[in-house]
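Q: Quick one: the structure is below, questions incoming.
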């Protein structure tokens, strides 16, 4: 396996650990060509993305992550139900990481006009390993967009938003404000696909009231599913909930 620029992928495996480590703290052993072995945490995204092929080997292959394809499938199903063409759908992919999510959207026939992530190394990895998946990839803090950045996103005339990282108010989730910011910059009657992690016992922060108050849009829930996101290192299932919303802006 190589990156998009021909960079050889490194060999990696889950490191031996005791018990059931917290999600994201799982350790990865990375074997470099010079014989050294580096150990990194699964959610040390800056380092993991900088190591060609490591994310794919561990998350996609060893742990069986299904979310990128599942989110693309949910969006495709909603488009079909509404009589919309995937090829005419312009998607902003939030928390895009190294581009696995955008690759699934592109494979489903959509125009992924923007990938964005707050981690600088995510953009570098996406451009290295998946050139051409995104029309554009920007490193943005979506909680603090400048006027120029907001206007640029609006100019893309995107009518769909996807976020393969769970949205929530606990650590390691995407703040709801991020979704609200991007939703306000979409056009038409856009579709929004988001994930939620129910393990913490809190309600999903994205509901009709959220979209009305934070986005200024009437929201209709088109689909809601609980599904297998990936497996834990113990082999136990790790499930998330996915939702598809259709927004209608007043005025």
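Every read-out reported here was derived from the displayed coordinates using simple, explicitly stated rules and does not represent laboratory data. Just so it is clear, the model here is predicted, and its values are computed rather than measured. Glycine gets a Cβ as well: all are built from the backbone with ideal geometry, and neighbour counts include every protein chain shown.
Q: Between 182, 112, 30, find the one with the highest GNM mean-square fluctuation for the chain; connect C-alpha pairs within less than 10 Å.
A: 30
Q: Taking Cα centroids, how far is segment 130-152 from segment 187-237 in Å?
A: So the separation of the two Cα centres works out to 22 Å.
Q: What is the projected area of the convex hull of the Cα atoms of the chain, averaged over all directions, in nm²?
A: Reported value for the Cα convex hull: 13.6 nm².
Q: Shape verdict for segment 11-62, please, from the Cα gyration tensor: rounded (a/c under 1.5), prolate (a/b greater than b/c) or oblate.
A: Judged from the Cα gyration tensor, segment 11-62 comes out prolate (a/c at least 1.5, a/b above b/c).
Q: Here's something else I'd like to know. Return 31, 45 ranked ascending by Cβ neighbour count within 10 Å, so the fewest neighbours appear first.
A: In order of increasing Cβ crowding within 10 Å: 31, 45.
Q: Any idea what the relative contact order of the chain is, in percent, if you count C-alpha pairs under 8 Å spaced at least 6 apart?
A: Reported as a whole number, the value is 16 percent.
Q: Need one word for segment 150-196: rounded, prolate or oblate. Basis is the Cα gyration tensor (sqrt eigenvalues a ≥ b ≥ c); a/c below 1.5 gives rounded, then a/b vs b/c decides.
A: prolate
Q: Then there's this: Tell me the angle of helix 120-129 to the major Cα principal axis of the chain, expressed in degrees between 0 and 90 and rounded to the nearest ten.
A: Tilt relative to the chain: about 80 degrees.
Q: Please build a GNM for the chain, connecting alpha carbons under 10 Å apart, and tell me which residue among 196, 238, 211 fluctuates the most.
A: Residue with maximal mean-square fluctuation among 196, 238, 211: 238.
Q: Under the rule a/c < 1.5 gives rounded, and otherwise a/b versus b/c splits prolate from oblate, where does segment 112-251 land using the Cα gyration tensor?
A: Judged from the Cα gyration tensor, segment 112-251 comes out oblate (a/c at least 1.5, b/c at or above a/b).
Q: Expressed as an acute angle from 0 to 90° and rounded to the nearest 10, what is the orientation of the C-alpha long axis of helix 67-82 relative to the principal long axis of the chain?
A: 20
Q: Connecting C-alpha atoms closer than 10 Å in a GNM of the chain, tell me which of 191, 140, 105 has the biggest fluctuation.
A: Greatest mean-square fluctuation among the candidates belongs to 140.
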